[in-house]
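*Asks:* Input: one structure, supplied below.
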Amino acid sequence: ETGVTQTPRHLVMGMTNKKSLKCEQHLGHNAMYWYKQSAKKPLELMFVYSLEERVENNSVPSRFSPECPNSSHLFLHLHTLQPEDSALYLCASSQAPRFSYNEQFFGPGTRLTVL
Amino acid sequence: GENVEQHPSTLSVQEGDSAVIKCTYSDSASNYFPWYKQELGKRPQLIIDIRSNVGEKKDQRIAVTLNKTAKHFSLHITETQPEDSAVYFCAALKFTYQLIWGAGTKLIIKP
């Protein structure tokens, strides 16, 4: 596998379920990101990890819980979600920028549907 | 708060014509402006970017211009081809790690 991979690609869950999204990057990067993509809206940055330390948390509800055990893996733990959380969840990685000008490489996304 | 406005939301052009997508940002401290292309069902990919110390950058049929005074930047695609059909996102760098994204422009190339 090359690049950034995400599993599962599709997920349907009830509001009382607990599930996790997984992201893995094979690019030797040390920064990883979770984004939420909803139709006709800007990409919403949820979390950023740099060198396994969380550096951004954009007022995301606590029902989303990220985990970054090492620089290659990123998880998003989900519990008691709402129907409005249905969206495409994209993971991305980049080199931890010294001057911030590094390309972000995206995974294929997980299409989440909350019933 | 900081935001990026992107227009138009949909753009339809005849194959071979040029396409222009415009973005306006609010944070004058922004200093890096990438453009990403997302084809249907695929992941966003960087196609071109520009830093605030440069006014224009070209890469074959694609160019980006930046007007720091007016706080806007534009993507220009010349001689459009069917494979240019996609959603294009602009973004502006807010802090070290945070890109503020536009809402996207769906570009349709008519044969």
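*Asks:* If pairing requires two Cys Cβ atoms under 4.7 Å apart, which cysteines of chain A are left without a partner?
*Replies:* If one checks each Cβ against the other cysteines of chain A, A:Cys68 turn up with nothing under 4.7 Å.
*Asks:* Using the Cα centre of the range A:4-70 as origin and beta-carbon charges of +1 (Lys, Arg) and -1 (Asp, Glu), tell me which of A:Met46, A:Asn30, A:Val12 is placed farthest towards the positive end of the dipole.
*Replies:* Comparing the listed Cα positions along the dipole, A:Val12 ranks first.
*Asks:* Just to be sure I understand the model, the point goes 7 Å from the Cα along the line to the Cβ. What's the resulting A:Lys22 to B:Phe95 distance in nm?
*Replies:* Reported label-point gap for A:Lys22 and B:Phe95 is 3.1 nm.
*Asks:* Neighbouring Cβ atoms within 10 Å as the yardstick, rank B:His7, A:His10, B:His76, A:His29 fewest first.
*Replies:* A:His10, B:His7, B:His76, A:His29
*Asks:* Then there is this: Which of the three applies to the range A:59-110, rounded, prolate or oblate, going by the alpha-carbon gyration tensor with a ≥ b ≥ c and a/c under 1.5 meaning rounded?
*Replies:* It is prolate, given that a/c is not under 1.5 and a/b is the larger ratio.
*Asks:* Mind checking which of B:Trp35, B:Ser18, B:Pro8 is farthest towards the positive end of chain B's charge dipole, using Cβ charges of +1 (Lys, Arg) and -1 (Asp, Glu) about the Cα centre?
*Replies:* Going by the charge dipole, the pick is B:Trp35.
*Asks:* To the nearest 20 debye, what is the magnitude of the charge dipole of chain A about its Cα centre, counting +1 on the Cβ of each Lys and Arg and -1 on the Cβ of each Asp and Glu?
*Replies:* Magnitude of the dipole: close to 340 debye.
*Asks:* Right, another one. About its Cα centre, what dipole magnitude does chain B give when the only charges are +1 on Lys and Arg Cβ and -1 on Asp and Glu Cβ, stated in debye to the nearest 20?
*Replies:* Dipole magnitude for chain B comes out near 220 debye.
*Asks:* With labels modelled as points extended 7 Å from the Cα through the Cβ direction, what inter-label distance (nm, one decimal) is found for B:Thr10 paired with B:Glu83?
*Replies:* A separation of 2.6 nm, rounded to one decimal place.
*Asks:* Could you tell me what % of all Cα pairs in chain A have separations over 17 Å?
*Replies:* Percentage above 17 Å: 51.
*Asks:* As an exercise, use a Förster radius of 22 Å and the Cβ-Cβ distance of A:Arg111 and A:Arg54 to find the FRET efficiency, rounded to the nearest 0.05.
*Replies:* So, using R0 = 22 Å, E works out to roughly 0.30.
*Asks:* A follow-up question, please. Fewest first, what order do A:Met13, A:Met46 take by the number of other Cβ atoms within 10 Å?
*Replies:* A:Met13, A:Met46
*Asks:* While we're on this one: Going down the list A:Lys41/B:Lys68; A:Lys19/B:Lys94; A:Lys22/B:Lys71; A:Lys18/B:Lys94; B:Lys57/B:Lys110; A:Lys40/B:Lys110, which pairs span over 29 Å between their C-alpha atoms?
*Replies:* A:Lys19/B:Lys94; A:Lys22/B:Lys71; A:Lys18/B:Lys94
*Asks:* Mind checking the dipole of the protein assembly as shown: about its Cα centre, +1 per Lys or Arg Cβ, -1 per Asp or Glu Cβ, Debye to the nearest 20?
*Replies:* Computed about the Cα centre, the dipole is about 300 debye.
None of the figures in this text is laboratory data; all of them are computed from the coordinates on show. Quantities reported herein were computed from a predicted structural model and do not represent experimental measurements. A quick note on method: Cβ atoms are made from the backbone with ideal geometry, for glycine too, and the neighbour counts reach across all protein chains shown.
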